[in-house]
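The values are calculated or read from the model by the stated rules, or taken from the named source; none is laboratory data. Predicted model only: the values in this text are computed from it and were never measured. A quick note on method: Cβ atoms are made from the backbone with ideal geometry, for glycine too, and the neighbour counts reach across all protein chains shown.
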Amino acid sequence: MTDIHRRRLLRVGAAMGGGAALAGLAPAWARAATSGHAPAAQPAPGAGVLTGPDIALTIDRAMVSVDGRMAHAATVNGLSPGPLIRLKEGQKVRLSVTNRLAEETSIHWHGLLVPFQMDGVPGVSFPGIKPGETFVYEFTVRQSGTYWYHSHSGLQEAEGLYGPIVIDPKEAEPAPFDREHVVVLADFSFTHPHQIFKRLKQQPGVFNFRKQTLGGLLAGRDQTARERLSWARMRMDPTDIADVTGAEMKFLVNGRGPADGWTGLFTPGERVRLRLVNAAAQMIFNVRLPGLKMTVVSADGQDVRPVEVDELQIGNAETYDVIVRPAEDRAYALVAEAVDRSGMGRGALAPRPGMSPAFPPLRERPLATMKDMGMDMGAHASGGGMDHAGMDHAAMGHDMAGMAAAPAPGMAPPRARGSDVMGEMNDMPGMSMAMRDPANALGLRLGPGVQAISPMPADRTGEAGQGLESVGHRVLVYRDLVALAPNADPRPPSRALDIRLTGNMERFMWGFDGRKFSEAVAPYAFERGERVRVTLINDTMMAHPIHLHGHFFELAHGPAGHAPRKHTVIVAPGGKVAWDFTAEAGDWAFHCHMIYHMHAGMFQVFSVRPLEGAAA
C-alpha cells in the first residue's frame, strides 16, 4: 500500500468513523463468511488467497481497526492477518518477499520442511531482509495440512505480521468435509510490543489485575491463609498464569476483536472443517463450540486418528484441524478463552449472516498449584511412584537400553545464587536429601535466571491444561493423539538429551539450561541423520509452547510406529515432555513461541552437521 493510498484511506476512515471504512483490511478469506455468500471448500484465487508457483508478498505498516479503535499494525500485502497462502503438496514455489519497513524483516514458514537457508530466521539461517530489499524463498512443498507464516524479526509478529498457510494433499483427504474455514486466533495490544516488554521487565505481574483478595480468602475461592504465606515466602504468585492478560490484550478471531465478531457460514448437516491456528504473541487459548462436538483430525498439519472432544487447548504456534457437524438452524458460539480467563476471542458458525449466538461467561480463573512448581507432594506422600533419590531418571534416559544420557553440548551450568524457593522446599515434610538439594543432584547451580528448579517433574501429557481439570466434559490431551500414517523413521534413539526450561518470573528472565541465548556457550550439536530423544523439563511455573524449526518430532508416549508428530508442544508448568527426532542438516532455531519469552532469551539453535545434502 503506497503512502498516498494510506493517507486517502485514513481520510475516508475519519469521515466514516474509522472502523467501518477499515473493515475491508481484513483478508477476504477471513471476512467472506460475513458477506452473505458461502465460500467454497477452496476459495478461488484472487479472493484474498494466494496460489501458484510464484507468490509476491510485501511487508509494510498500515492502520487497522480492532473493535472500532484505530491502531498501527505490521501487514503483509496491506493485511493483518496476511493473505492465505494455498499450496499443493509436491509443487515448487517461489515466494518473493519485499520489505517496505524502515527496519529488517523476515518470514518464517512455520512447520514447513524447507532447506535451512529458506527457514527465515535472521542471524541463524539467513541474513534477514533489509529495508527496500526483496528476498526470494524457493523450495518444494513436502507435506500437506494447516500451517502459518510469521516474522522472525524483533517483535513484528506481535504487531500483526502473520498469516495462514493451507497445503492440499496430493491424494484424497483422509477426513472428508463439505466446507472449511480457516480460523486464526491471535492477541493484539494498542500498546507497542517493545513498551509491553519494557513493562514486563520493570514490574512482575504488571498486567495481572486478578490477584488474590481478602474476599477470595473469606469465600474460600482462593488459597488458604497458610498457603498464601508459604507462596509469599517463595515470592510466587499462583494467579500469574499469563504474563500479558486481557487487561492489555484484545483476543482476535481472523483479525476481528470480540466486539467486531467473525462468522463462518454453514448449511445444517454439513461437515465443517475448522483449521485452527494460534498466532498469538503470548496467549494460550482454550477453544470450544458449546453444543457441538469437535472431531480432531489433524495436529500441527499431521493427520491423526479422529478423536471426539468438547474442548481443546491450543498453544502458541500450534494448529489443529477439527470437524464439526452443526445440525440445527441456529448460530453456534466459537469461544477462544484465554488460558488465564482474562478474556476471550469470539467467533460464530451460523447458517445465515447476521445471526448471533449466546456466548458463555468467562469461567473462574485458575490458580497454580504445587504440582505446577514440579512438587507433586500428594503423589510423594502416598508413595505415588516417586523416585526415592528424588531424581527423574526416566527423563534422563536411564530407562532406555543402550542410550547414553548426554548433557546439553557446550552448555555450562547456571551460575550460583541463593533461592527462597529452595529454602521453602527444605521445610516441607517428606523431602529426601536429593529433593532438598536438587540443583546439586542434577549437576546444576542456580543463577539469576533460575528462580527455581522442579525436583519432581511429572509427565503431564495425559492431563488437561491449567484450569481444565474439572470442567465436566472431555478435553483433548496429547495422549489422545495417534498418528494416522506410520512414522517415517522407526529407529530407536541412540542417545538422550535433557533440556531444562528455566526462568525468573520476577525479573522476566527466560532461557534454556539456566542461560539466555546471548549467554549460551554453544548451540546444541547433533549429527545429521541421528535419532535423539529430547526431554524438555519445565523448571518454571508457566506453560511454554516449544517449537523446533525444520523438523517434526514424535511424542515419546505415542503407540509404537504411530506416535503423534508435532513441531510445537506445550510443556506444562513443573512438567516434562519427551520426544524423538531425526536430525536434518542445518542450523535450526529452537525456542519458546511466547514471543516475549523468546525475546527475553528462551531461544537456542540446533546445529546439525555435516551439511552435505542440506539443499533440497
Inspect region 284-293 for any residue being modelled with pLDDT of 95 or more, in a loop (DSSP other than H, G, I, E, B), β-branched (Val, Ile, Thr) and within 21 Å of GLY462 (Cβ to Cβ) and give the result as yes or no. yes
Qualifying residue in region 519-541 (condition: aliphatic (A, V, I, L, M) and under 15 Å from the mean Cα position of the chain (by Cα)): no
Among the residues of region 157-173, write down those that are within 23 Å of ALA73 (Cα to Cα) and either acidic (Asp, Glu) or surrounded by fewer than 24 Cβ atoms within 10 Å (Cβ to Cβ) (or both). GLU157, GLU159
Quick one: count up the residues across region 146-162 that are aromatic (Phe, Trp, Tyr) and in contact with a helix residue (DSSP H, G or I) (Cβ under 7 Å, 6 or more places away or on another chain). 0
Where the second residue is of a type in the set (Ser, Thr, Tyr) and outside any loop (DSSP other than H, G, I, E, B) and the first is more than 30 Å from HIS597 (Cβ to Cβ) and lies in region 284-308, which pairs have Cβ atoms under 7 Å and are six or more apart or on separate chains? GLY291/TYR332; LEU292/TYR332; PRO306/THR295; GLU308/THR295
Could you tell me whether region 208-223 includes any residue that is in contact with a strand residue (DSSP E or B) (Cβ under 8 Å, 6 or more places away or on another chain) and either within 25 Å of GLY345 (Cα to Cα) or at pLDDT 70 or above (or both)? no
Which of the residues spanning region 486-528 are within 23 Å of ALA299 (Cα to Cα) and either touching a Pro at 6+ places or on another chain (Cβ under 9 Å) or acidic (Asp, Glu) (or both)? ASP489
From the list ALA172, ALA102, which residue is of a type in the set (A, V, I, L, M, F, W, C) and at pLDDT below 95? ALA172
Scanning for something among the aliphatic types (A, V, I, L, M), surrounded by 17 or more Cβ atoms within 10 Å (Cβ to Cβ) and either at pLDDT 75 or above or within 25 Å of ASP303 (Cβ to Cβ) (or both), does region 438-452 turn up at least one residue? yes
Going residue by residue through region 98-112, is there one that turns out to be surrounded by fewer than 21 Cβ atoms within 10 Å (Cβ to Cβ) and within 23 Å of SER607 (Cα to Cα)? no
Are any residues in region 326-342 surrounded by 22 or more Cβ atoms within 10 Å (Cβ to Cβ) and not in a strand (DSSP E or B), and if so, which ones? VAL339, ASP340, SER342
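Every residue, every condition in (1) small (Gly, Ala, Ser); (2) under 24 Å from ASP480 (Cα atoms); (3) under 17 Å from the mean Cα position of the chain (by Cα), yes or no:
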{"residue": "ARG565", "(1), (2), (3)": "no, yes, yes"}
{"residue": "VAL577", "(1), (2), (3)": "no, yes, yes"}
{"residue": "ALA583", "(1), (2), (3)": "yes, no, no"}
{"residue": "CYS592", "(1), (2), (3)": "no, yes, yes"}
{"residue": "HIS597", "(1), (2), (3)": "no, no, yes"}
{"residue": "ALA600", "(1), (2), (3)": "yes, no, yes"}
{"residue": "VAL605", "(1), (2), (3)": "no, no, no"}
{"residue": "ARG609", "(1), (2), (3)": "no, no, no"}
Residues to consider are PRO176, PRO204; find the one that is surrounded by fewer than 19 Cβ atoms within 10 Å (Cβ to Cβ) and farther than 30 Å from ARG69 by Cα. PRO176
Condition check: modelled with pLDDT under 95 and in contact with an Asp or Glu (Cβ under 8 Å, 6 or more places away or on another chain). Does GLU554 satisfy that? no
